[in-house]
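Taken together, the values in this text are just the output of simple stated rules run on the coordinates, not laboratory data. Because the structure is predicted, anything quoted here is derived from the model rather than measured. Backbone-built Cβ (ideal geometry, glycine too); neighbour counts: all protein chains shown.
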Ligand SMILES: Nc1nc2c(c(=O)[nH]1)N[C@H]1C(S)=C(S)[C@@H](COP(=O)(O)OP(=O)(O)OC[C@H]3O[C@@H](n4cnc5c(=O)[nH]c(N)nc54)[C@H](O)[C@@H]3O)O[C@H]1N2
Ligand SMILES: Nc1nc2c(c(=O)[nH]1)N[C@H]1C(S)=C(S)[C@@H](COP(=O)(O)OP(=O)(O)OC[C@H]3O[C@@H](n4cnc5c(=O)[nH]c(N)nc54)[C@H](O)[C@@H]3O)O[C@H]1N2
Ligand code: SF4
Ligand SMILES: [Mo]
């Protein structure tokens, strides 16, 4: 793949960026697999080739192959934009844009207090950016109002893993371990489309059990496909635990030596006998038994969850129920077996460790822990009392924008909530009600289109940094081309704003290596300890998984921790904890006016809100428009045929999508990808009901009706 190279770069005196190398070993800009690539910049094009690397072993998906097209996208942002008196965004110079932002932020803070300014980050930001964004919010803005799009992604699995194991690292083992398994259960994940190169590990030896209401590309490769009603995984997991106990598959010595709380968890699961589970989930008893037998008889087994099981108003309890099952079978912390969740965004793992989440400080520390506050205050040169407390979660933050008690200004770095947040029409109204919306991006996203000020920033192959992949391994991203003239890095933007708001420039370094060295100190002693990881060690090709403190007993350098929990779990007593969870219904059930379930998710050729992939011609050819997948009988009842335009309505609103009939679909369930903008946004219908613990919205279950549509999707 190639892309046009832009006009010759300008290296101004105020930029500290090193010159990029013409060939750079780096990683894909998209998902958490972070496939390794080599980029080569020639006179007129950048080309990409996969590298041999444990997770992708020379493979790339279609998005990775076409990623260089992003560098040459014709509508690339190249200059700041400021909304004028006429209501239109117009080019402005950097000083004008930054002075305007700083002036408005200062005025808002003086009149309404620091929480009148909010920040929204993203799991695609490098570790250096995520860390700096959190530090900027807490020490320059002094606002508690910061959260990020990872709340929509990893928060339920993270909450469940922290409670069970005392630590949340998506996969507490290297991806390649999966290649040695006999059986792998995938609950609500479709990696054949969302992480294609992962499939080589998943299917190398193992038989797959897939739990998905749809017969996905992944389910088609499974030995066993359980096809439950959406929103019933919790009942199913309880039923599988019940069967594991009654059929004698529980690992009693492991329970005694390594866990606590089994009796309380069993007291809940005991009433979930297989026939009752069949009634609630629709999964036949014999299929439940087969699944438990496969898992129980395997000598190496893994249970993995994806967003299908987690993006529910009971996502935390559902992930906990799958962890309970894994614990009963003795899998976590046992070599060759385990539980994991498949982290989604490029830096979804690192993004949740460095302090852009409302309740966290760097090193995966809690913002309410006095010792954590004291440590960070020292690293940042502020007093512990000056650090704000926890703020609102992502949806609650968006929902409060522009309300009397809510924030009046929002700075967005690395997210596109106008498309990807639930109840998107409402969120769009809230964004429009702000006094000031600032969006930093490299493309004019749907959220940028609503902004008062848009700041053009560099993208992956134009800058250096680190990301942490789904197995907790820290990786180097490298620049291979100069950014277009007029574009700054996120770190430069935050530095310039900090200076204008009265913070000395040296407090906000713009060299990624310097930021990383500060991040190492900030994370030292925390749960996600990066203090032993350095750019030099990464340059030397070391595979470093956190935690990686500076020293290990008897060794000069800590070797990192590819496998967690082999000796003990991270709770003080070293034991993993069962959670006493039971099933509850989704917030909405299909009935009356809205007789069907709608669920949402992803297709291979588009990424997230589509802000990036909708700008790549090959990907648009493969997945050009919103669609709604349904059973032919469901279509017929709604007077729809394959290829017709449908309107999908819920209590929140309606969206438009092309009908795609699939005879393997459940009769009661339709599916929509969420990658498209405008009137085709799947999130116009989704339910912002939140999980009480993780504050994750219920993206995967809405009650809807379908009928013929009347307008073309825009
Ligand atoms: N092509 C592509 N790849 C991506 C991304 C992308 O946007 N596009 N995004 C990345 C990110 S950030 C993430 S988080 C990951 C997500 O990766 P996945 O979790 O694999 O993706 P989803 O498609 O959201 O959901 C997976 C499956 O859940 C199923 N599902 C829906 N409702 C339920 C339910 O109630 N129970 C169960 N068991 N399953 C259900 C859906 O049918 C879907 O097939 O993908 C990453 N990779
Ligand atoms: N209905 C439904 N909705 C969902 C989901 C679902 O399954 N169903 N999944 C949810 C999940 S798991 C996720 S992760 C979210 C993702 O939701 P979004 O936040 O919409 O994710 P992206 O589309 O990746 O948006 C990232 C934006 O930041 C820009 N960007 C990328 N890198 C950088 C950078 O380094 N700096 C700056 N300043 N900008 C950058 C991109 O161009 C893009 O505009 O969507 C959630 N929404
Ligand atoms: S699987 Fe993910 S990291 Fe690998 S090439 Fe595709 S999008 Fe990129
Ligand atoms: Mo995600």
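Using only the Cα atoms of the range 608-712, each taken as one equal point scatterer with no solvent, compute I(q) by the Debye sum, divide by I(0), and report log10 of the ratio at q = 0.10, 0.11, 0.19 Å⁻¹. Treating every Cα as an identical point scatterer, log10 I(q)/I(0) equals -0.29, -0.35, -0.97. Rounded, prolate or oblate: which one fits the range 222-323, using the alpha carbon gyration tensor with axes a ≥ b ≥ c (rounded when a/c is under 1.5, else prolate when a/b beats b/c, else oblate)? Cα axes put the range 222-323 in the rounded bin. Spherically averaged projected area of the convex hull of Cα atoms, the range 314-386: 7.1 nm². Centroid-to-centroid, using Cα positions, the range 547-566 and the range 634-685 are 50 Å apart. Given in Å, the Rg to one decimal and the Dmax to the nearest whole number for the Cα atoms of the range 385-529 are 17.1, 47.
A viscosity of 1.306 mPa s and a temperature of 10 °C, combined with the Kirkwood radius over Cα pairs in Stokes-Einstein, give a translational diffusion coefficient for the range 372-452 of 113 µm²/s.
If R0 is 30 Å, the Cβ-Cβ spacing of residue 432 and residue 359 corresponds to a FRET efficiency of close to 0.60. Per Stokes-Einstein, at 4 °C and 1.567 mPa s, what whole-number D in µm² s⁻¹ belongs to the range 239-397, with the Kirkwood radius over Cα pairs as the hydrodynamic radius? D, rounded to a whole number, is 70 µm²/s. Does the range 54-180 come out rounded, prolate or oblate by the C-alpha gyration tensor, with a ≥ b ≥ c the root eigenvalues, rounded set by a/c under 1.5 and, if not, prolate when a/b is larger than b/c and oblate if not? Note, shape of the range 54-180 comes out oblate. Across the range 180-258, C-alpha contacts under 8 Å between residues 6 or more apart give a mean separation that, scaled by the residue count, equals a relative contact order of 24 percent. Here the scattering of the range 287-355 is modelled by Debye summation over its C-alpha atoms, one equal scatterer each and no solvent; at q = 0.13, 0.16, 0.23, 0.24 Å⁻¹ the log10 of I(q)/I(0) is -0.45, -0.65, -1.09, -1.13.
For the pair the range 366-425 / the range 107-129, the C-alpha centres are spaced 6 Å from each other.
The range 159-200 and the range 21-69 have their alpha-carbon centroids 23 Å apart. Between residue 584 and residue 47, what length comes free when the chain is fully extended (0.36 nm per residue of separation minus the Cα-Cα distance, one decimal in nm)? Fully extending the segment from residue 584 to residue 47 adds 188.3 nm. At full extension, residue 369 and residue 176 could sit 65.9 nm farther apart than now, given 0.36 nm per residue minus the alpha carbon distance. Normalised by residue number, the volume inside the convex hull of the Cα atoms of the range 119-235 is 145 Å³ per residue. Over the Cα atoms of the chain, the radius of gyration divided by the Kirkwood radius equals 0.95; this is the Rg/Rh ratio.
Over the Cα atoms of the range 191-262, compute the convex hull volume and normalise it per residue, giving Å³.
143 Å³
Taking 7 Å steps out from each Cα toward its Cβ at residue 40 and residue 405 produces label points 6.0 nm apart. Counted over the chain, the DSSP beta bridges are approximately 50% antiparallel. For the pair residue 505 and residue 563, the difference between a 0.36 nm per residue extended length and the Cα-Cα distance amounts to 16.9 nm. Shape class of the range 520-638 from the alpha-carbon gyration tensor: oblate, with a/c at 1.5 or above and b/c at least as large as a/b.
Contact order for the chain, expressed relative to its length and based on alpha carbon pairs under 8 Å spaced 6+ residues apart, stands at 19 percent. Both numbers refer to the Cα atoms of the range 9-114; Rg and Dmax are 20.0, 56 Å.
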